[in-house]
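Let me begin by presenting the structure, written as structure tokens, before commenting on it.
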Amino acid sequence: MFTDTTNHKQSHDALSSATAIHSKAYDLNKAISRAQDKLLSLQDKNGYWVFELEADCTIPSEYIMMMHYLGEIDEPLQAKIAVYLRSRQTEEGYYPLFTGGPSDLSCSVKVYYALKMAGDSVDAPHMVKLKNYILSQGGAAKANVFTRIALAIFEQLPWRGVPYIPVEIMLFPSWFPFHLDKVSYWSRTVMVPLFILCTLKATALNPNKVSILELFVTHPDEEKHYFPERTILNKIFLGLDKLGHLTRPLIPKKMHDLAIQRAKDWIIERLNGEDGLGGISPAMMAAYEALLLLGMPKDDPQMITARKAIDKLLVINEHDAYCQPCLSPVWDTGLAALALQEVDKVANSASLTRAYDWLKSVQLSDEPGDWRIRKPDLAGGGWAFQFANPHYPDVDDTAVVAFAMAESNLPELEESIHRATRWIVGMQSKNGGYGAFDVDNTYYYLNEIPFADHGALLDPPTSDVSARCAMLMARVAQDHDEYLPALERTIEYIRSEQEADGSWFGRWGTNYIYGTWSSLLGLEQTNLPKNDPMYTKAAAWLKSVQRSDGGWGEDNYSYHDTSHAGKYRFSTAFQTAWAVLGLMAAGEARSPEVKAGIDFILRTQQADGVWNDKCFTAPGFPKVFYLKYHGYDKFFPLWALARYRNELNKQ
């Protein structure tokens, strides 16, 4: 009797367990199907995906300021942007750079000015709170260099309150300590227009004569401390800055005119049609204003196109509007393709073929590019981040797209894959790593110049980009061993960059979870055994920062304080996806931590098949500028769910 009861109980338990497994598998498949269908529905008819890319309130504020600079104020649009700006203010009154982040003085000053331009009363409660915060931080005079340049253009502070960045920099020889080629692409594209605006002391039309003198603790004409001294090298640069201001009248007119022409030619060569200078809004706005200042008429075809490029960045909703910092179709398309391939390469082949046909059409070849200054004999083959940006192909995007192509098993992609891989090999820095756009862009002393108070002047190699390059080279080197030497150097670079706790720093995504996911996915394609310390230490770290709800989340505070590495107030679906993808790459697919992470993703999926992560957890520039990729919660969780299902189906 006892035996019969025991057997019956065991049989019942086994049946319950099998039913639970079947139910879980059904839930997993159903979740994958919903997410896949939603992602497929968002594909453009031309084959690409592009999702909104949202920054902090600085960019939309600058759009309002541009309208007032030009004297061309679109009142309905301005009102919608003002709605957006007001909705982002914290209860304390200030504006942060990311969701839940600390106050940022420079962003807050620009928002205040933009809202005042939009007609908000200085006596309105939200404006009073914002003003009081700004004054408590020392006032607008303490804002960063970019903000002070804007205020000087609007005649809110004297030009001595901004760094000396003369247009004659265009004439410096390449061996000079400061040269355009020694800074990052994004710095170049912003700086050259600013050389013109600052040298010629541009003055905004400001038709409504909006002033913000109430934001200064000391009258701006009497302020003596626009440039705080930080280091000995910084003091030297400040001395040179003062010397430059004093000797400005001694520059020969012929030299000045030549420099102006060089700067103008540099901008026009890179205007990039309706995708704009550098494909980034600060450069595009500054270039438009600089060319107008040099006398180019607004009805010139190039100027009409340059303005269209700026306005293409607008997201205009029913009640509000904002300006994106740039567009991300290549990045979004490559990652969406990887997620769909993980789901089902065969079933999704039609969608993937359209995606790769579009990507092939925008792959770069022999176009001129600033990267050729260091690598003049290297054939092109990369992709930009945006729809078009031929002077600045993106190493990270190129590695992702070419890897996705190699994984797709679709025909007629070999040429694109190998052109991209050869370009990637050629873009390797001396230390074996990879920057995002340039080779060996490591002139760290330039971070001490007065203009570089934002600390984002350079583009040195980073672990996340390098891991993506390793992922591509290892995948393609399975049949082409000519890529192996570069791959081996990259693996050693990645090994050298691993933190003592097992994580990796993430430059282009927040932060240690992103860097660790990136590195593990790259290493997975190599021949390194899964018991290599890089794998085991990284997996242990990811497990150690898992949250009690089964998910993962990391705050941008980790860029300011490493004690926040892997930590956040709540979990996000896409960061959880990064963590479980990383653990699966490390051979942990059947671990309880991965199962708990998958359960979190399943539990938080919305009825429409996607997720709703509202936080800004990707840096444009750590500590300075953060982003929200609206596509991340649409393809990363899908990728993780599909990979998990595929791992469970393996014998």
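Residues that are in contact (Cβ under 8 Å) with a residue 40 or more places away in the chain and under 22 Å from the mean Cα position of the chain (by Cα) do occur in region 286-307.
Residue by residue, here is whether (1) of a type in the set (Ser, Thr, Tyr); (2) in contact with a strand residue (DSSP E or B) (Cβ under 7 Å, 6 or more places away or on another chain) holds:
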position: Tyr356; (1), (2): yes, no
position: Val362; (1), (2): no, yes
position: Arg372; (1), (2): no, no
position: Asp394; (1), (2): no, yes
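Evaluation of Val122 against the conditions (1) crowded, with 17+ Cβ neighbours inside 10 Å; (2) part of a loop (DSSP other than H, G, I, E, B); (3) among the hydrophobic types (A, V, I, L, M, F, W, C) shows that the sole unmet condition is (1).
Going through (1) of a type outside the set (A, V, I, L, M, F, W, C); (2) in contact with a Lys or Arg (Cβ under 8 Å, 6 or more places away or on another chain); (3) modelled with pLDDT of 95 or more; (4) closer than 24 Å to Phe635 by Cα one by one, Asn409 falls short only on (3).
Do you know which residues across region 354-388 are of a type in the set (Val, Ile, Thr) and over 24 Å from Glu274 (Cβ atoms)? Selection gives Ile373 alone. Cβ-Cβ contacts under 6 Å between residues 6 or more apart (or on different chains), taken from a first residue in region 28-45 that is without any contact (Cβ under 8 Å) to a residue 40 or more places away in the chain and in the same structural domain as Gly334 (by TED's automatic domain parsing) to a second residue that is part of a helix (DSSP H, G or I) and among the β-branched types (Val, Ile, Thr), are absent. Remark: Leu157 falls outside the filter, which requires a residue to be in contact (Cβ under 8 Å) with a residue 24 or more places away in the chain and closer than 21 Å to Pro252 by Cα. Only one of the listed residues (Ala577, Ala539, Ala500) is under 25 Å from Gly433 (Cα atoms), hydrophobic (A, V, I, L, M, F, W, C) and buried (at least 20 other Cβ atoms within 10 Å of the Cβ). That residue is Ala539.
Of the residues making up region 507-562, those that are under 29 Å from Phe98 (Cα atoms), in contact with a Leu (Cβ under 7 Å, 6 or more places away or on another chain) and among the aliphatic types (A, V, I, L, M) are Leu521, Ala538, Ala539, Leu542.
Among the residues of region 358-379, the ones that are outside any loop (DSSP other than H, G, I, E, B), of a type outside the set (Lys, Arg) and free of Cβ contacts under 8 Å to residues at least 24 places away in the same chain come to 1 in all. Determine whether Ala420 is more than 20 Å from Ala538 (Cα to Cα), modelled with pLDDT of 95 or more and either among the small types (Gly, Ala, Ser) or not assigned by TED's automatic domain parsing to the domain that holds Asp532 (or both). Here the answer is yes, as Ala420 does meet what is asked.
Considering each residue of region 101-123 in turn, at least one proves to be touching a Cys at 6+ places or on another chain (Cβ under 7 Å) and closer than 20 Å to Phe625 by Cβ. One residue alone among Ala420, Ala406, Ala350 is among the small types (Gly, Ala, Ser) and in contact with a strand residue (DSSP E or B) (Cβ under 8 Å, 6 or more places away or on another chain), and that residue is Ala420.
Please go through region 345-357 and give me each residue that is in a helix (DSSP H, G or I) and either more than 16 Å from Trp639 (Cβ to Cβ) or at pLDDT below 95 (or both), ordered by number. Even if it seems obvious, please write down each step before you answer.
Taking region 345-357 as the starting set, the residues that turn out to be in a helix (DSSP H, G or I) are 349-357.
Those that are in a helix (DSSP H, G or I) and either more than 16 Å from Trp639 (Cβ to Cβ) or at pLDDT below 95 (or both): Ser349, Ala350, Thr353, Arg354, Tyr356, Asp357.
Give the residue, chosen from Arg468, Arg507, that is basic (Lys, Arg), within 24 Å of the chain's Cα centre (by Cα) and in a loop (DSSP other than H, G, I, E, B).
Arg507
Determine, yes or no, whether Leu200 is among the aliphatic types (A, V, I, L, M), in contact (Cβ under 8 Å) with a residue 60 or more places away in the chain and crowded, with 16+ Cβ neighbours inside 10 Å. Taking the combined requirement at face value, the residue does not satisfy it. Looking for something within 22 Å of Tyr557 (Cα to Cα) and aromatic (Phe, Trp, Tyr) - is there at least one such residue anywhere in region 69-91? No, region 69-91 contains no residue that is within 22 Å of Tyr557 (Cα to Cα) and aromatic (Phe, Trp, Tyr).
Scanning for something at pLDDT 95 or above and on the phi > 0 side of the Ramachandran plot, does region 494-504 turn up at least one residue? Among the residues of region 494-504, at least one is at pLDDT 95 or above and on the phi > 0 side of the Ramachandran plot, which makes the answer yes.
Scan region 408-447 for residues that are acidic (Asp, Glu) and either closer than 18 Å to Asp394 by Cα or crowded, with 19+ Cβ neighbours inside 10 Å (or both) and the total you get is 2.
The set of residues in region 476-494 being surrounded by 13 or more Cβ atoms within 10 Å (Cβ to Cβ) and either polar (S, T, N, Q) or not assigned by TED's automatic domain parsing to the domain that holds Ala402 (or both) consists of Thr490 alone.
Of all residues in region 147-180, count the ones that are aromatic (Phe, Trp, Tyr), in contact with a helix residue (DSSP H, G or I) (Cβ under 7 Å, 6 or more places away or on another chain) and surrounded by 19 or more Cβ atoms within 10 Å (Cβ to Cβ).
Selection size over region 147-180: 1.
From the list Leu520, Leu528, the one residue that fits, being surrounded by 24 or more Cβ atoms within 10 Å (Cβ to Cβ) and aliphatic (A, V, I, L, M), is Leu520. Only residues that are part of a loop (DSSP other than H, G, I, E, B), touching a Phe, Trp or Tyr at 6+ places or on another chain (Cβ under 7 Å) and not charged (D, E, K, R) were counted in region 540-566, giving 7.
For residues that are polar (S, T, N, Q) and in a loop (DSSP other than H, G, I, E, B), scanning just region 84-119, find the one that is modelled with the lowest pLDDT.
Within region 84-119, the first condition is being polar (S, T, N, Q), and the residues that meet it are 87, 89-90, 99, 103, 106, 108.
Then keep just the ones that are in a loop (DSSP other than H, G, I, E, B); that gives 89-90, 99.
On the way: Gln89: 97, Thr90: 96, Thr99: 85.
Per the criteria, the residue is Thr99.
Being out of contact with any Lys or Arg (no Cβ under 8 Å at 6 or more places or on another chain), assigned to a loop (DSSP other than H, G, I, E, B) and within 30 Å of Tyr164 (Cα to Cα) is a condition met by at least one residue of region 418-435. Residues that are surrounded by fewer than 19 Cβ atoms within 10 Å (Cβ to Cβ) and over 22 Å from Val545 (Cβ atoms) within region 590-612 comprise Gln606, Ala607, Asp608, Asn612, listed in sequence order. Do we find that Asp275 is without any contact (Cβ under 8 Å) to a residue 24 or more places away in the chain, within 27 Å of Tyr626 (Cβ to Cβ) and acidic (Asp, Glu) in this structure? No. Candidates in region 223-260 are the residues that are surrounded by 13 or more Cβ atoms within 10 Å (Cβ to Cβ) and either within 30 Å of Ala309 (Cβ to Cβ) or of a type in the set (Gly, Ala, Ser) (or both); of these, the one that is modelled with the lowest pLDDT is Gly244.
The values are calculated or read from the model by the stated rules, or taken from the named source; none is laboratory data. These numbers were taken from a predicted model, which means no experiment stands behind them. Cβ coordinates were reconstructed from backbone atoms using ideal geometry, including for glycine residues, and neighbour counts include every protein chain displayed.
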